[in-house]
Amino acid sequence: MKSAPARSPRGRTPSAPPATASAAPVRIYVLWHPDFAAGEAIAYEIYRWFRLETMEGIPVFFRSRPELGQDQPLAVPTDCEINYVLPLAEAHMVADPVWRLYVLGLLTRPDVRMFPVALDPLAFQMPARLRGLNFIRHDVTSTPPPAVEVLLSQLTECLCRDLRGDETQTPSPRPD
């Protein structure tokens, strides 16, 4: 005798589990150079904004330090429809040829949608293909530095526009 399939509390048969534990249609990857002292703090703010304490929201992953024996951070997996890559561009990333190549390599992938964040004016010295993108400006070297909430608002706007399919990817100017 065959047993009946398991039912959820509402009487429906549960759907099949995802192929992988991290199967999500959209992910966010925050990249920062390991020598950039404020990078981790900014990355955690982005994490807390997009990934709720309940673990709901968009999965957010970090890429900064290379794995032992490697010169680049971990690769961004390709098993996702959309990988939003947010390089926190500043002087250290610009000056490091390994990091420039790492970011450029991601830019060529069809699953990657890149929204670079210019954290200081030197960010605009990144390679030409990256400079062709519209940077989100968040100059932490200005006095006083902008509040992180401004960056989170701009990132939210950019990702929402992209998900909706809007052609314009320019975030609203921040209020002065």
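The values are calculated or read from the model by the stated rules, or taken from the named source; none is laboratory data. These figures come from a predicted structure and were not determined experimentally. When we count neighbours, we look across all protein chains shown, and the Cβ atoms used for this are built from the backbone with ideal geometry, even at glycine. These area figures cover heavy atoms from the full protein model, side chains too; ligands, DNA and RNA do not enter into them. Shrake-Rupley method; radii C 1.70, N 1.55, O 1.52, S 1.80 Å.
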Check: Counting DSSP beta bridges in the range 20-176, what percent are antiparallel, to the nearest 5?
Finding: 5
Next item on the list: Write down Rg/Rh for the range 56-105, rounded to two decimals, with Rg from the C-alpha atoms and Rh from the Kirkwood relation over Cα pairs.
Entry: 0.98
Next item on the list: Please give the contour-minus-distance gain from Glu81 to Ser142: 0.36 nm per residue of separation, less the Cα-Cα distance, rounded to one decimal in nm.
Entry: 18.3 nm
Notebook entry, point to check: Does the range 46-171 come out rounded, prolate or oblate, given a ≥ b ≥ c as the square roots of the eigenvalues of its C-alpha gyration tensor, rounded meaning a/c under 1.5 and, failing that, prolate meaning a/b above b/c?
Noted result: rounded
Notebook entry, point to check: If you add up the charges near Trp99, with Lys and Arg at +1 and Asp and Glu at -1, over every other residue whose beta carbon is less than 14 angstrom from its beta carbon, what do you get?
Noted result: -1
Next item on the list: Send over a whole-number figure in Å² for the accessible area per residue of the range 66-124, probe 1.4 Å.
Entry: 45
Checklist line | Extension gain, Asp35 back to Phe124 (0.36 nm per residue minus Cα-Cα distance, nm) | finding: 30.2 nm
Notebook entry, point to check: Quick one: which of 91-99, 65-73 comes out on top by average Cβ neighbours within 10 Å, and what's the full order, highest first?
Noted result: 91-99, 65-73
